[in-house]
Amino acid sequence: MSRIVTVGAAQMGPIQKDHTRKEVIERLITLLRQGHQAGCDLVVFPELALTTFFPRWFIDDITQADHWYETEMPSPVTQPLFDEAKKLKIGFCLGYAELTTDGHRFNTQILVERDGSIVAKYRKVHIPGHEHNEPDRPFQHAERYYFEPSMEGFGVWKAFDGRIGMMICNDRRWPESYRVMGLQGVEMILCGYNTPIHYVPDPSQDILQGFHNSLVMQSGAYQNGSWVIGVAKGGVEEGVDSLGQSMIVAPSGQIVAQAFTTGDELISARCDLDWCAKYTGTLFDFERYRRPEVYGRITSQRGVVID
Ligand code: CDT
């Protein structure tokens, strides 16, 4: 038996500060058409795919940043992407900054089915970086100022003839993200990211960015028997170099496709969702082998406690 979903990871190159939403949407539509030519059912775009990664700048009055956020989806400017996808009968996953009507700010990703309907919305759980201005840094990573963490957690949705989950960027470094979805029978996890190569708190990690990126996604895929689709916004954006290396990882943990540029580039793979059961039905048969009775610390404490 096989359930094939052909997935495109639509890596983007940089979006500079003065690039308009309209220009960005045109790039996304070009990638969508490439996905159509590659026979994709689903095309996955990066985190904050409509704008530059604005948390690299701090501003005292957050309302001055409102223009980076979407207040409706679709909106008049994003509608052409929805229209083109529906015409091509391709679903997509899109990351963007969300400002709700009651003033909440989230780092958000939506999943759109092939008929153009929004089937799921995920808001980032693990918000990295800092909440205050740190002027000594070469650039800020003030996500904790611009976004509040989701209280909704990690969902899994029936879509694309399978069970699809989502996470965003820093979430991919935490085993809990994958496991919470694994326990809901996830078969494919979609993850957009913006990862600066230079990690200011510890530059010794800079050279390891690519290694850590594949390490976490390959492990998460294998340990939960799920496909993982990791999609970057890479390249030099407003002077900050960010990781490319978008990849499609199989439930075996193997990388089956990987981007080789840091620009707009579509990679694709035929993903058999039934392949997941080879892992979730054997070595990672959770029902048979997990020991939740001794995992209590995972949910009862946050930081390290030394007895
Ligand atoms: N966007 C995002 O979450 N980026 C972080 C950067 C490291 S924390 C400053 C990441 O985990 O890739």
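The values are calculated or read from the model by the stated rules, or taken from the named source; none is laboratory data. Quantities reported herein were computed from a predicted structural model and do not represent experimental measurements. Neighbour counts run over all protein chains shown; Cβ positions are idealised from the backbone, glycine included.
Got at least one residue in region 225-245 being in contact with a Leu (Cβ under 9 Å, 6 or more places away or on another chain), buried (at least 21 other Cβ atoms within 10 Å of the Cβ) and among the aromatic types (Phe, Trp, Tyr)? Checking region 225-245: at least one residue is in contact with a Leu (Cβ under 9 Å, 6 or more places away or on another chain), buried (at least 21 other Cβ atoms within 10 Å of the Cβ) and among the aromatic types (Phe, Trp, Tyr). Just wondering, is there one or more residues in region 160-169 that are in a helix (DSSP H, G or I), farther than 27 Å from Arg56 by Cα, among the basic types (Lys, Arg) and away from the ligand (no atom under 16 Å from the Cβ)? So far as region 160-169 goes, no, none of its residues is in a helix (DSSP H, G or I), farther than 27 Å from Arg56 by Cα, among the basic types (Lys, Arg) and away from the ligand (no atom under 16 Å from the Cβ). Residues in region 89-104 include at least one that is closer than 17 Å to Ser268 by Cβ, surrounded by fewer than 18 Cβ atoms within 10 Å (Cβ to Cβ) and at pLDDT 95 or above. Give the residue that is surrounded by the fewest Cβ atoms within 10 Å (Cβ to Cβ), with candidates limited to residues of region 190-210 that are touching a residue at least 24 places away in the same chain (Cβ under 8 Å) and away from the ligand (no atom under 11 Å from the Cβ). Once the filter is applied, the top-ranked residue is Gly210. Where strands (runs of 3 or more DSSP E) fall entirely within region 26-120, those with at least 1 residues that are away from the ligand (no atom under 16 Å from the Cβ) and over 22 Å from Val7 (Cβ atoms) are at 91-99. The single residue among Gly155, Gly129 that is of a type outside the set (Asp, Glu), in contact with a Phe, Trp or Tyr (Cβ under 9 Å, 6 or more places away or on another chain), more than 10 Å from the ligand (Cβ to nearest atom) and within 21 Å of Met217 (Cα to Cα) turns out to be Gly155. When Cys169 is tested against (1) buried (at least 22 other Cβ atoms within 10 Å of the Cβ); (2) in contact with a Phe, Trp or Tyr (Cβ under 7 Å, 6 or more places away or on another chain); (3) on the phi < 0 side of the Ramachandran plot, exactly one condition is not met: (3).
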